[in-house]
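The structure under discussion appears below in the form of structure tokens.
We did not get these values from a lab; they are worked out from the coordinates using the rules stated. Because the structure is predicted, anything quoted here is derived from the model rather than measured. As a convention, Cβ positions derive from the backbone with ideal geometry for all residues, glycine included, and neighbour counts pool all protein chains shown.
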Amino acid sequence: MVSLKIRNIYNFLVLSYMTKFILNRETIESDLAAGMPLLDFIREKMSLTATKTGCREGDCGACTVLEGTLVGNKVEYKSIVSCLTPLANAHGKHIVTLEGINMDELTHVQEAMHNHAATQCGFCTPGFVMSFTAHSMAPTPSDTGKAIDAVSGNICRCTGYKSIERAASDISKRLEGKDIDAPVEWLVRQKLLPNYFLDIPQRLKNIQSYHTSPKDQKQIIAGGTDLMVQRPLEIMESDMEFIRQNEALKFIKIANNKIHIGAAVSAGELAADPIMHEFLPKIHKYFRLISSEPIRNMGTIAGNIMNASPIGDLSILFLALDASLHLSLGEQKREIKLNKFFLDYKKTAIKKGELIESLSFTKPVDAFLFNFEKVSKRTHLDIASVSSAVCIEMEHSKIRSCRISAGGVKAIPFFLEKCSNSLIGKEISTAHLKEALDVMETEIAPISDIRGSAEYKKLLLRQLIQAHFYEMFPQINEQPLS
């Protein structure tokens, strides 16, 4: 039904500006609706049918393609799901489908999938191939674990994952000796990518970028991973502002002893940033619990916060860091604490026409400890039943400051103020932890839903907070929590 409606309205929805990008080998110029899913442009308009239509929610990975972005004189590639990518977000990019990597011979990824019988019906296979190809093009060394992580957003219903894991092992072996400073060039030299990839940097330089900024109270969309699921037809029919292209909103920097993160920074960019790694050395472990790799490559910081979901992963993380939001309405600027931003279920303190420009938090001190935990029906890539983060600063043997946040236990992403304050000035012990857990139960109000009963969620949060302290203070593992 949705696909039929989409096809019917393609004929009259047009942009007020031209979207220009490279699709495989061809330079594309389109005045079709900016909010059209890239998936439908690829299949319906370009007849490139290797890219499959699956869930249309970013969960299955059948529509995975590569997005190449010009950075300096090189193009950096990553996997994205085309079903949740607005056409406008392809502007100035190199979009690669399975047809765009085909050569006379099989690539190393295609060969590994074939040799290990890692496909049956074949519907999901193009998505797996593109995710493995993105891994191959990454400027990092390969190993089997990383290769398997690269297909974290891909689902196969009939083959069985062991054959795909064996293919991943072969792929990583084939990438031994990869030049991580110039991975695309290395792959071309090894005859694992078509030669035309070498011409893409110069071709992208010839595409003029466009800058968008919110005006006329338009609906704002960034990565699209939320709105493209909720209101795909409305997005195509509306005059939207697409800010994912706005480079002014894509930065991570330190200034005035604070870490500042632009609103259009993606979760993947956040996880890979050296500034974030400096004070959150386990950030990759945390972010493996946050969606899949293609979704992390698309979803933005501001988008996750504006979603205002009570189980929004990044909201929970930044609440523990005592973050503030920087908002703008024309020339008017204001700052608001994140724990004051969420008012009620899906309601925030943002004013009509305001834009989240950035988020900031004080640079942690040396005695800083942090942890993030999440429980969902699937260990990875799923919506949380309950999640929690904690940020603690120590002074000698006592807790100087403590901030514990939780998702799934109130109508909003929640800062556990009473529980956190009850630990300040205390030494680390199971007795003090138990007191804090008892306080926690007085300030939460979980509800029973598809992700668990209220009692189950209350128990989960107790266990997650205990997990924080056992992770950060291993010495209390030997103390009974009576």
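What is the log10 of I(q)/I(0) for the range 29-138, computed with the Debye formula using one identical point scatterer on each Cα and no solvent, at q = 0.14, 0.16, 0.20, 0.23 Å⁻¹? Taking Cα atoms of the range 29-138 as identical point scatterers yields -0.55, -0.72, -1.08, -1.35. With all projection directions averaged, the alpha carbon convex hull of the range 224-361 covers 8.7 nm². Here the Kirkwood formula puts the hydrodynamic radius of the range 368-428 at 12.6 Å, using every distinct Cα pair.
Give the relative contact order (percent, whole number) for the range 323-398; include only Cα pairs under 8 Å separated by 6+ residues. Don't skip to the end; give the middle numbers.
Working: 99 pairs, mean separation 19.1, N = 76.
The value is 25 percent.
Restricting to Cα pairs below 8 Å that are 6+ residues apart, what does the relative contact order work out to for the chain? Please round to a whole percent. Relative contact order, the chain: 11 percent. Within a straight-line Cα-Cα reach of under 17 Å, Lys333 can be paired with the following aspartates and glutamates, leaving aside sequence neighbours fewer than 8 residues apart in one chain: Glu354, Glu357. Taking a ≥ b ≥ c as the square roots of the eigenvalues of the Cα gyration tensor, the range 405-466 is classed as prolate, since a/c reaches at least 1.5 and a/b is larger than b/c. Residues of the chain were split at every exposed loop site, defined as GluC sites (Glu not before Pro) in a DSSP loop with at most 15 other C-beta atoms within 10 angstrom, and the longest piece left, sites excluded, is 177-330.
Which of the helices in the chain, when you take each full DSSP H run, stretch at least 24 Å along the axis at their Cα atoms and have an average Kyte-Doolittle score of -0.5 or higher? Present the calculation step by step, with values, prior to reporting the outcome.
Numbers: long enough: 454-472 (27 Å, -0.22).
Length and hydropathy pass: 454-472.
Viscosity 1.306 mPa s, temperature 10 °C: what is the translational diffusion coefficient of the chain from Stokes-Einstein with a Kirkwood Rh over Cα pairs, rounded to a whole number of µm²/s?
The estimated diffusion coefficient comes to 67 µm²/s.
In this label model, Lys173 and Lys146 are separated by 1.8 nm, measuring between points 7 Å along each Cα→Cβ vector.
Quick one: which of Lys93/Lys352; Lys250/Lys340; Lys337/Lys377; Lys253/Lys457 span more than 29 angstrom between C-alpha atoms? Let's see the in-between values first.
On the way: Lys93/Lys352 31 Å; Lys250/Lys340 24 Å; Lys337/Lys377 31 Å; Lys253/Lys457 37 Å.
From the list (Lys93/Lys352; Lys250/Lys340; Lys337/Lys377; Lys253/Lys457), the Cα-Cα distance tops 29 Å for Lys93/Lys352; Lys337/Lys377; Lys253/Lys457.
In summary, the range 96-252 shows an alpha-carbon radius of gyration equal to 1.26 times the 2.2 N^0.38 Å reference for compact globular proteins.
Averaging sequence separations of C-alpha pairs under 8 Å and six or more residues apart, then dividing by the length of the range 17-173, give the relative contact order as a whole percent. Walk me through the numbers before you get to the answer.
Working: 284 pairs, mean separation 40.1, N = 157.
Contact order relative to length: 26 percent.
Assuming charge only on the beta carbon of Lys and Arg (+1) and of Asp and Glu (-1), the dipole of the chain about its Cα centre is about 460 debye to the nearest 20.
Rounded to the nearest Å, what's the spacing between the alpha carbon centres of the range 274-313 and the range 325-351? Just the number, please. For the range 274-313 versus the range 325-351, the Cα centre distance is 20 Å. Each stretch of four or more DSSP H residues adds -39500 (n - 2.57); spread over every residue of the chain, this sum gives -8500 deg cm²/dmol at 222 nm.
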